[in-house]
Each structure stands twice: as C-alpha cells, then as structure tokens.
1. Let me confirm something: among Ser98, Ser110, which residue is open to solvent by 10 Å² or more (accessible area, probe 1.4 Å), of a type outside the set (D, E, K, R), more than 26 Å from the chain's Cα centre (by Cα) and farther than 20 Å from Asp386 by Cα?
2. Return the total of residues in segment 291-306 being of a type outside the set (S, T, N, Q), in contact (Cβ under 8 Å) with a residue 60 or more places away in the chain and buried (at least 21 other Cβ atoms within 10 Å of the Cβ).
3. If you go through segment 65-87 one residue at a time, how many are in contact with a His (Cβ under 9 Å, 6 or more places away or on another chain), under 18 Å from Leu116 (Cβ atoms) and open to solvent by 40 Å² or more (accessible area, probe 1.4 Å)?
4. Within segment 174-206, take every residue that is of a type in the set (D, E, K, R) and in a strand (DSSP E or B) and give me the one that is modelled with the highest pLDDT.
5. Quick one: what pairs do we get from segment 318-333, first residue touching a residue at least 24 places away in the same chain (Cβ under 8 Å), second surrounded by 13 or more Cβ atoms within 10 Å (Cβ to Cβ) and among the polar types (S, T, N, Q), C-beta under 6 Å, 6+ apart or different chains?
6. Go through (1) touching a residue at least 60 places away in the same chain (Cβ under 8 Å); (2) open to solvent by 70 Å² or more (accessible area, probe 1.4 Å) one by one and return the number of the condition Tyr223 breaks.
7. Go through segment 242-263 and report how many residues are of a type outside the set (A, V, I, L, M), in contact (Cβ under 8 Å) with a residue 40 or more places away in the chain and open to solvent by less than 40 Å² (accessible area, probe 1.4 Å).
8. Can you tell me how many residues in segment 391-404 are touching a residue at least 12 places away in the same chain (Cβ under 8 Å) and open to solvent by less than 70 Å² (accessible area, probe 1.4 Å)?
Amino acid sequence: MNKMMKTASALALASTLLLSACGNANTTNNAAGNSNSSGNAATNNSAAGNSTTPPAGDMKLRILTANVGGKTPDENVKFEETIKAQTGIEATLEKPASDYDQKVLTALGSGEKYDLIELSDLGKLSEFVDQGVVSDLTDFVTSSPVLSDPKVIPAAEWDQLKDKDGKIVAVFSKFQGGTMPIIRKDWLDKLKLSEPKTLDEYYNVLKAFKEKDPDGNGKDDTYGLSTSGLYDIQAFMSAAGLKYRYVMEDGKRTIPYATEAAIPMYEWFAKLTKEGIMDPNFITNDTGKMRNLFLADRVGMVTYWDAWVGTFNNLRQQEDPNTTFEAKGIASIPGPDGTIMMRRGDPDFWIIPSNAEHPDAAKKFLEYWNSEEGITLGSLGVEGLDYTKEGSTITLTDLGKEHSMDHGVP
C-alpha cells in the first residue's frame, strides 16, 4: 500500500512538473535567444572579406526581425547606418514590440513583401516551405565562398535547414548553445566539495549549499537548486537515460519524461523539495527570478543556457571587481550506459520570402551577417555607441554593458 501511495504521489508530481514545463515553454525558449553565438564564423577573416563586394541589383532591404538590431529605436537607426557603411545596403529593420510570430504569419499569409525574415521554429519553416512562400537557397549557399566554408558554418549544420527534398531553404542567423547545470564554483571551493557527477553527488552538494552557509552570512537563507518551472531538467533526467521532448518507438511518439521510468527522478525532486533544498518557488519562477536568486547568493545551482555562465560572471564582476563569485557550467549526469544527454536549442535563421523584391541584397547581407564584421555588430553592437576599440582592445560603454553584447548574436 505504501509503495502504491509513493508511486501515485510521484506521478502527481510528474503531472504538475510537465504541465509547468508546457506553460513556460514559450517564454523560456525566448530566453534561448540570449544563449549562444553563431558558430565559428568570427574567426574566418578571409571569408568575411567576400561580403564587401556588392552584387548587382538594388541594394535595399526590408527586414522583419525579432532579435537583430538596436535595443532602442535610436540605436536601431545606428545599427542600420552601420550596415550601410559596411555593406552598401540600405536596410530597414522592423522589430515588432510584441506578437512577433503572429506578425510573421500575417506577413507571409497576406503577401506583404519582406526581403528577409528571422525565424527560430524549424517546424514553422517546414510549413512555410509547403506553402511555397520560401525561396530555395541551395545554389546560393553552395556557391558562396562564405557560407560554403566549413570554418564559417560546419557542413553538417546545414541539414537543419533543408527541406524534405534536401534543398537549403534558410541561412543561419545564430546557433543556439545548450542548457546545463550552472553551479557556484566558489561555493564548492569554500565547502571543499568536488563537482558532482552522479545523482547522489548532486544531492550531497545541493544539500550542503542549503545547510552549510555557503554565503557566510550566518543565516539559513540559501537553497541548493532553483529552476524556472522545471522546464529544463535534462541534466538530471539524463541519469535515467531519459530524453527531453519525444522519441520515436515503433513509428509512434513517446514522451520519456511521462513514462514510468521517470518516476524515480520525480521522487528525487520531491525529496529535494521536502527537505527544503529546492527553491520552493520553482514552479512559479520565470527565468528572471531564477537568475536573480543565483546572482544574489540565494541559490547554488540553476539550470540555464550555457552562454549565461559568462554573463553571470560578467554581471557580478561589473558590480564588484573584487567579487569571489564564480559560475561554472557542468555536464549532465551519465545514464545507465554512460551516455550523457544535454539539450541543444534550435537555431535562429533567415529566410528569403519567395516574393522578396531585393533577393540579391538579401544574399549579400546573409554573407555579411556570417562574417567577422557582421558577428561583431550582432554581438557587441555599434562601435562608438556600445563599445570603443583601441588597437585590439575593446571596451564596452555603459550602454554596451546594459545591452549584454547581444544584438542578435549573443
């Protein structure tokens, strides 16, 4: 009877967590846009040089974008001016304040003319291809000295942007990184603990973060782990060999997180919650609240995008150059067969709509965006506004620090 009650409780918790994950999926995936940079392109200076030769045609662009550009209307103008100075393209960047996905659907459905549209949903890309509103870019990409260079974009990555017939129908705006446990390395060192590698080791470390006063303030005010609705627990589910989202079995979709194999993992989370090791507000947290707890010395571990490891450290160092704060990303827990599962975000990418009026300018921009100049603009922002450069030394301005080196390619 006790075993049945235990199983029922675990299943109830599983249902709560899965519903919470679904409820937070859209907002959390948007945070992924802050997660990682675009491949290795910034290191290839010779390829970048190819983007400076304008193709024939009208060098104008109308771009619909969710992430690329300035953080304010004034900076967006400066962003457009920089594109023109570096490429000769007169670009207009339109960044809707809200309902971006609906704006894309409306634009493509009504025949409104854009030369480039930024997307991040590979499923939607397939739908748009079926509707015939996306240009075939295969010949352009394979003949481009920039985009066909595997040092700029690894050849295998293009499989993500091919349709069912093997045609390339989009070009990367940025690659996403992965999510992982991010731990307070300085707390580990202070408590003389090793980085956890097994589920039991994770428990012991998180318990110590709760009970051993790692922030040294003499108060019982720290937690071991916080998440944002538990939408990302892949690092822990990896211990049971369970994959995020779905897998195909006998031609049918199966959600590993909703199987009986997941029950021991939900029981593990229930144990953390019962013992006060888990932040009690994990279900209602958004990512901002979770990040703030981590930055404010209230929690020793969060699960978030890899690029935030550096961002956490930068933010604390800007606040206090003498801080001992040190965030570090660590690997998922190996499963029964030794396999480590980590979750990677879908890339952001550009499409050229089939009714684009300036496809040549769009193609030139796509090469530029994957060059060193383009990635510098997409990350650091506008020189003289977001950063200054003296020789090889780059210094962020106060405005640049606010913008966190993310203008579409964090």
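1. Within the list Ser98, Ser110, the selection yields Ser110.
2. 7
3. Selection size over segment 65-87: 1.
4. The qualifying residue modelled with the highest pLDDT is Arg184.
5. Short answer, once both residue conditions are applied: Ala327/Asn313; Ser332/Ser238; Ile333/Ser238.
6. All conditions pass for Tyr223, except number (2).
7. Total meeting the criteria: 1.
8. Total meeting the criteria: 6.
The values are calculated or read from the model by the stated rules, or taken from the named source; none is laboratory data. Since we're looking at a predicted model, the values are computed, not measured. With ideal geometry, Cβ positions are generated from the backbone for all residues, glycine too; neighbour counts draw on all protein chains shown. Side chains are part of the model used for accessible areas, which takes the heavy atoms of the whole protein and leaves out ligands, DNA and RNA. Shrake-Rupley method; radii C 1.70, N 1.55, O 1.52, S 1.80 Å.
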